[in-house]
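The values are calculated or read from the model by the stated rules, or taken from the named source; none is laboratory data. Computed from a predicted model, the values in this text were never measured in an experiment. Using ideal geometry, Cβ is built from the backbone for each residue, glycine included, and neighbour counts are taken over all protein chains shown. SASA here: full protein model, heavy atoms, side chains in, ligands and nucleic acids out. Shrake-Rupley method; radii C 1.70, N 1.55, O 1.52, S 1.80 Å.
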Amino acid sequence: MNNAISQFRDAMRSAGLVPPDVIEPGTLHRFPGSGKRPSNRAGWCLLFDDRRGGCFGDWSTGLSETWQAKSDKPFSRAERAAFARRVEEAKRQAEVERNARQADAAKRADAIWNAATPAPGNHPYLIRKRIQPHGARIHKGALTLPVMDFDGRLTSLQFLFADGGKLLLTGGRKRGCFIPVAGDMKDPARVIICEGWATGCTLADDEPTALVLAAIDAGNLEPVALAASRRWRSTELVIAGDDDRLTAGNPGATKAKAAAIASGALLALPQWPEDAPDHLTDFNDLAVWLAGGGV
Amino acid sequence: MTADLLKSAAPPPEDWPELVPLDAPNLPRLDLVHLPGWAGDYARAIAADTETPPELAAGMVLVACATAAARRLRVMVKPGYFEPCNLWAVAALPPGNRKSAVQSAATAPLVAWERDQATIMESEIKRITSERKTLEARAKEKRSKAAKEKDNGKAAELAREAADIEAELPDIPMQPQIWTSDATPERLGALLAEHGECMAWLSSEGGVFDLLQGRYSNGIPNLDLVLKAHSGDAERVDRGSRPPVFLKGPRLSIGLSPQPDVLRGLAAKPGFRGRGLLGRFLYLLPPSPLGYRALQSNPVPEGVRDAYAAGLRAMLDWEPATNEHGGEERPHLLRLSDEAYAEWYAFAQAIEAQMQPGRELEHFTDWAGKAPGAAARLAGVLHGIKHAHGTPWEAAITAETMTAALEIMAVITRHSLAAMDMMGADPTIAAARLVWDWIERGRLARFTVREAFNALRGTFPRVAMLREALEALEERGYLEVNEPPRDGPGRPPSPLVRVRPEIARAWR
């Protein structure tokens, strides 16, 4: 019996997930998604009661896999049909849970956002980044930013702290969602999509007529860019990527390029002057450095 | 003040697979080394002179030679299995590729032969025409007298004499004709009947297909005679005001050099595919050299031109075989050497295996089924070229000649599959072409599968069918289909299709 659990764990590991310590057959488990912090619950798995199959996934990456225990004899048609039904049921159950969590997070986001006050221009984060508030609000001292979907619904919040720390509201939907930084959503002349909100503020100041959206992180650039390309067919899209020059594989530039290719957008990366220090990575870093402030 | 931070924004560099055109995917080139002696030399010289692809000259020279060979030769592949030597060839090229010049050069000896034959027969034609006119006048006079004669017995006698004279009127010999460029199938039948059952239909355009589709017969295809004139099967021909005749073994050669656009959609023409018309042609789709020509003519050397004219003339002048009583003319039989037959048989077996479900020729059985026969015909023509100045029927077709024919057939097979694709023979490629036409018309750099489905629902009743066509386009590097992630509850967004950037940029 433990052999089945062990095989199930191996299957999850080979898909890049770190399985939870305890897996109870018949119970849907939630655990951190791939590369996520310990409190994250994007990963999910369900080992069926009979331990002959199961399924798992990661809502943050879109991963969804099934697993079947090795068998000495081929599965009968009835067994295969039963397995397919259970997988569907497990996926539906996981999705119901996820939707409930996201709906709950959206309610909390709404309450926090409505209670928050407009951010003052002298917030330490804004000063350090040399940017305007661009509609940010304050909640318990943190800059609070709305995370929206393309239907205009508030799905989550991002909190930026004076020390540079960042947090997303637990359970909120992020994939395919964005922080609206500046510009006209109805009929934009140009859409700029970047990773972080501060970078978006810099780009909005640099190009005041553009619609600027912050995708929150590099992994979310592509879903946002694809949705934007569907929403604004004839509008020029620009993916303004980060240049993680000191990180192996340069994830910022790599994912920005992938997003631009997938959505048919233009790609822009910071053009570093020769004397720019290597630790600068994004357009905000560049603008701050150019303004002579140093980072 | 802005720093113009995004001034470097540009399309991202991408690694797209090499574009494989829907119409002519990386086709092998025809090496004229397989065309023997004076025919190969002339084809090379025409191609150099006109700066046209060698495939065009080769196709036209082969048909010209097949026209001559078909009059006097047929191949016995094995006891009981015979192939005539007429060929049907299509070499398609876009406009402006000097197709007419090549065809004119290839067929010049046929024109000259017709002219010379007319000169030789001129006095005979004049003599018989005069004699006929005299007899007609005599008959008319007898009939006139009969009309005026009051004695019924004498009148009947005069009328009978007039009828006897008319029955003995000599036929005026036709001026020899061996090729035509514009004839209805009905007229073609008459031409075959009047000129020894052997003709060539040569055109640098594709109007032949319009004629076959029934341009002058209310759109009703008239294919029977043409199909039988490929295989040499007997056919009855009505000749308008003259008595009908039976063609015992008509042999029609066809050489066309139309624009590729003419080929598109031919498979959908009534009867063209189903009755085997399209499967009888050997296709060549050379790349157009326009834009890459040196525009410096290398005239055909006089010696090469003369050798071609003399070679083709010698083939046209071969004496026919006659039956054992020395009367009825018939083609000589060409036999294969054992080695040549072994080569041919291996080719036929390979083609046969490729027609199995799932194999390369599965959707092209109408063409592939005739390919071994075409190879035998081609070997017969090449053998005739080699022995033009002798008596080819006295030598067996060698393995070397058969190998040359099969090398040419190997290239023709690739080109023909591409041509059948272009004509809409492969349902997946035909579907891909329909989708691509829709994309090109709208210059759609990006669209969703759902949008394509809504626009093309009449042609693709199910999304799965549309996806298959899109996959074919993706395989060939025209576009890519991006499956979007599920971002929330409800129906997932439709996959986004993105056209190859260089094509989309060219549209802009």
Straight-line reach from B:Lys7: which lysines have Cα under 21 Å away, leaving out those fewer than 8 places along the same chain?
A:Lys255, A:Lys257
Fully extended, how many nm does the chain gain between A:Ile138 and A:Asn114 (0.36 nm per residue separation, minus their Cα-Cα distance)?
7.6 nm
Where is the GNM fluctuation largest for chain A (alpha-carbon springs, 10 angstrom cutoff): A:Arg41, A:Arg233, A:Arg52?
A:Arg233
For B:Tyr341 the rounded accessible area (nearest 10 Å², probe 1.4 Å, non-protein molecules ignored) is 70 Å²
Restricting to lysines and to Cα separations under 30 Å from B:Lys248, and discarding same-chain partners fewer than 8 apart, the set is B:Lys78, B:Lys126, B:Lys228, B:Lys269, B:Lys370, B:Lys386
Kindly express, to the nearest 10 degrees and within the range 0 to 90, the angle between helix B:302-316's C-alpha long axis and the longest C-alpha principal axis of chain B.
60 degrees
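How many percent of DSSP beta bridges within chain A run antiparallel, rounded to 5? Could the numbers behind the result be given before it?
Details: 33 of 45 bridges.
Antiparallel bridges: around 75 percent, rounded to the nearest 5.
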Kirkwood estimate for chain B, i.e. one over the average of 1/r between Cα atoms, Å:
26.3 Å
On the Cα set of the stretch A:82-199, report Rg and Dmax in Å, please.
17.1, 61
Whole-number percent relative contact order across chain B, with pairs defined as alpha carbons under 8 Å at least 6 apart:
21 percent
Accessible area of B:Glu157, 1.4 Å probe, to the nearest 10 Å²?
80 Å²
In Å², nearest 10: area of B:His34 left accessible to a 1.4 Å probe
50 Å²
Rounded to 5, percent antiparallel among DSSP beta bridges of the stretch A:118-291
60 percent
Nearest-0.05 FRET efficiency for B:Ala348 and B:Thr459, computed from C-beta distance (R0 45 Å)
0.75
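Using only alpha-carbon positions, what ratio does the radius of gyration of the protein assembly as shown give when scaled by 2.2 N^0.38 Å?
Details: Rg = 39.6 Å, N = 803, 2.2 N^0.38 = 27.9 Å.
Cα-based Rg divided by the globular estimate yields 1.42.
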Using the beta-carbon distance between A:Arg231 and A:Asp275 and R0 = 41 Å, what value does 1/(1 + (r/R0)^6) give for FRET efficiency, to the nearest 0.05?
0.55
Helix B:54-72 versus the longest principal axis of chain B: what angle, 0 to 90°, nearest 10, using Cα atoms?
30 degrees
Please arrange A:Leu47, A:Leu168 by accessible surface area, largest first, computed with a 1.4 Å probe and ligands excluded.
A:Leu168, A:Leu47
Return the single residue from A:Leu167, A:Leu269, A:Leu213 with maximal mean-square fluctuation; model: Gaussian network over chain A, springs between Cα atoms under 10 Å.
A:Leu167
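Pull out a ≥ b ≥ c, the square roots of the eigenvalues of the alpha-carbon gyration tensor of the stretch A:183-235, then state rounded if a/c is under 1.5, prolate if not and a/b is larger than b/c, and oblate in the remaining case.
Oblate.
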Considering only protein heavy atoms, what per residue accessible area in square angstrom results for the protein assembly as shown with a 1.4 angstrom probe?
46 Å²
Looking only at A:Gly135, A:Gly172, A:Gly200, which one moves most when chain A is put into a Gaussian network model with springs between Cα atoms under 10 Å?
A:Gly135
Built amide H within the under 5 Å cut-off of B:Ser253, gap 5+
B:Met199, B:Ala200, B:Trp201
Would you list the P(r) distribution for chain A, with all Cα-Cα distances sorted into 10 Å bins from 0 and each bin expressed as a whole %?
6, 24, 29, 22, 12, 6, 1, 0
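How about the stretch B:405-486: which trypsin sites (Lys or Arg not before Pro) there are in a DSSP loop, with at most 12 other Cβ atoms within 10 Å of their Cβ? Could the numbers behind the result be given before it?
Values: sites: B:Arg414, B:Arg433, B:Arg441, B:Arg443, B:Arg446, B:Arg450, B:Arg457, B:Arg462, B:Arg467, B:Arg476, B:Arg486; in loops: B:Arg443, B:Arg457, B:Arg462, B:Arg476, B:Arg486.
Within the stretch B:405-486, the qualifying trypsin sites (Lys or Arg not before Pro) (loop, at most 12 other Cβ atoms within 10 Å) are B:Arg443, B:Arg457, B:Arg462.
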Residues of the stretch A:267-284 losing 20 Å² or more of accessible area relative to the isolated chain, 1.4 Å probe, heavy atoms only?
A:Leu267, A:Ala268, A:Gln271, A:Phe283
Among the aspartates and glutamates, which have Cα under 14 Å from the Cα of A:Lys36 when same-chain residues fewer than 8 positions away are ignored?
A:Asp58, A:Asp217
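Do the sum for chain B: with -39,500 (n - 2.57) for every DSSP H run of n ≥ 4, divided by all residues, what is the mean residue ellipticity at 222 nm, to the nearest 500 deg cm²/dmol? Write out the running numbers ahead of the final one.
On the way: 17 runs with 246 residues, N = 508.
Roughly -15500 deg cm²/dmol at 222 nm, from the helical runs in chain B.
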Report the antiparallel proportion of the DSSP beta bridges in the protein assembly as shown as a percent, rounded to a multiple of 5.
60 percent
Using a 1.4 angstrom probe on the protein heavy atoms only, could you order B:Val77, B:Val20 from most to least accessible area?
B:Val20, B:Val77
Rounded to the nearest 10, the angle in degrees between the Cα long axis of helix B:37-50 and the longest principal axis of the Cα atoms of chain B comes to 60 degrees
